[in-house]
1. Between residues in the range 26-40 that are in contact (Cβ under 8 Å) with a residue 60 or more places away in the chain and residues that are in a helix (DSSP H, G or I) and surrounded by 12 or more Cβ atoms within 10 Å (Cβ to Cβ), which pairs lie under 7 Å by C-beta distance while being six or more apart or on different chains?
2. Could you list all residues from the range 75-110 that are among the hydrophobic types (A, V, I, L, M, F, W, C), open to solvent by less than 70 Å² (accessible area, probe 1.4 Å) and assigned to a loop (DSSP other than H, G, I, E, B)?
3. Could you check the range 49-74 and list, in sequence order, the residues that are open to solvent by 50 Å² or more (accessible area, probe 1.4 Å) and aromatic (Phe, Trp, Tyr)?
4. Report, by residue number, each residue of the range 162-177 that is touching a residue at least 24 places away in the same chain (Cβ under 8 Å) and within 18 Å of Val120 (Cβ to Cβ).
5. Of all residues being surrounded by 12 or more Cβ atoms within 10 Å (Cβ to Cβ) and among the small types (Gly, Ala, Ser) in the range 183-241, which is nearest to the chain's Cα centre (by Cα)? Just the residue, please.
6. Of all residues in the range 113-161 being in contact (Cβ under 8 Å) with a residue 60 or more places away in the chain and of a type in the set (D, E, K, R), which is most open to solvent (accessible area, probe 1.4 Å)?
7. If you take the residues in the range 132-170 that are over 12 Å from the mean Cα position of the chain (by Cα) and among the basic types (Lys, Arg), which one is farthest from Arg196 (Cα to Cα)?
Amino acid sequence: MKQVAEHEAIVPVGADDDQDEGACSLCCGICLTILSVILIIMTFPFSLFVCLKVVAEYERAVIFRLGRIRSGGPKGPGLFFVIPCIDTYVKVDLRTVSFDVPPQEVLTRDSVTVTVDAVVYFRVSNPTVAVCNIVNYNWSTRLLAQTTLRNVLGTKILSEVLSDREIISGQMQQILDHATDPWGIQVERVEVKDVRLPVQLQRAMAAEAEATREARAKVIAAEGEQNASRSLKEASDVMSETPTALQLRFLQTLNVISDEKNSTIVFPIPVDTVGGVFPGT
């Protein structure tokens with residue numbers, strides 16, 4: 001077994017080649033940079049039109065020099081300097097973007113098919129990550145929102161979909177924000193816009209609601225008749241104790257009938273009075 005001295009080191013196979021390639025790339029980069037600077041000096045001041053760039057307040061510029069991201073992070077807002085031939089840059093908009101999630105046909109947990117659409121608001125929180133980690137963060141976020149909408153609604157029953165829209169929106173926002181964080185995207189808000197039910201299901205729900213209302217109306221009418229019968233019983237008990245109260249009630253009824261200006265008046269006569277006038281009846 002071979003011994004390795006303290007001043008010696010084990011170099012893996014291929015490490016020398018990688019070091020040589022890195023040194024060669026560094027030398028080529030330095031040479032290209034020097035040539036570009038000389039070209040800028042020779043064409044001054046016309047080279048300023050190519051070297052000076054401007055980004056707005058809501059934008060940032062991610063600069064690549066010879067394919068590598070420049071240190072210092074994104075540039076902007078305002079003026080920044082690029083070296084032609086070796087520098088390229090990508091502008092990233094930091095404003096909030098909104099898009100509509102196309103209507104999705106979802107099968108709920110209780111096997112009901114509904115069509116749901118939503119709207120999503122997001123913005124770029126890290127321009128460098130958004131440029132380097134994903135090809136098209138806008139399109140990818142749209143596709144992920146469609147999938148998330150179907151997955152979240154698939155765990156809910158129909159009544160929860162119709163009544164708990166805020167809870168569903170909050171769950172979608174958390175899932176999307178966590179999934180898009182490696183892309184440099186922050187999902188600010190998600191709103192469920194519309195839930196459309198099949199026509200047959202709408203008719204069935206309408207019939208059920210109408211039947212419920214009719215049943216409630218019958219219960220209320222029955223309770224009213226019960227209360228009225230109790231009141232009539234109490235009134236009859238009072239009148240039986242005081243015979244003159246019945247006569248006063250007759251007079252009050254005649255007064256009400258006379259106010260209506262009727263041509264025919266029906267005057268009730270107590271049975272006891274008829275028995276006194278016509279004996280034997």
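The values are calculated or read from the model by the stated rules, or taken from the named source; none is laboratory data. Values in this document were obtained by computation on a predicted structure and should not be read as measured data. Ideal geometry is used to build each Cβ from the backbone, glycine not excepted, and the neighbour counts take in all protein chains shown. In case anyone asks, the SASA skips ligands and DNA or RNA and just uses the protein heavy atoms, side chains included. Shrake-Rupley method; radii C 1.70, N 1.55, O 1.52, S 1.80 Å.
1. none
2. Across the range 75-110, the qualifying residues are Val82, Ile83, Ile86, Leu94.
3. Of everything in the range 49-74, those that are open to solvent by 50 Å² or more (accessible area, probe 1.4 Å) and aromatic (Phe, Trp, Tyr) turn out to be Phe49, Tyr58.
4. Arg165, Ile168, Ser169, Met172, Ile175, Leu176
5. So the first thing to find is which residues in the range 183-241 are surrounded by 12 or more Cβ atoms within 10 Å (Cβ to Cβ), and the list is 183-193, 195-198, 201, 204-205, 235, 239.
Adding the requirement that they be among the small types (Gly, Ala, Ser) leaves 184, 204, 235.
Working: Gly184: 21, Ala204: 27, Ala235: 60 Å.
Applying the filter and picking the extreme gives Gly184.
6. So in the range 113-161, the residues in contact (Cβ under 8 Å) with a residue 60 or more places away in the chain come out as 113-125, 127-128, 131-132.
Checking the rest, the ones that are also of a type in the set (D, E, K, R) come to 117, 123.
Working: Asp117: 21, Arg123: 73 Å².
Looking at residues that are in contact (Cβ under 8 Å) with a residue 60 or more places away in the chain and of a type in the set (D, E, K, R), I get Arg123.
7. Result: Arg142.
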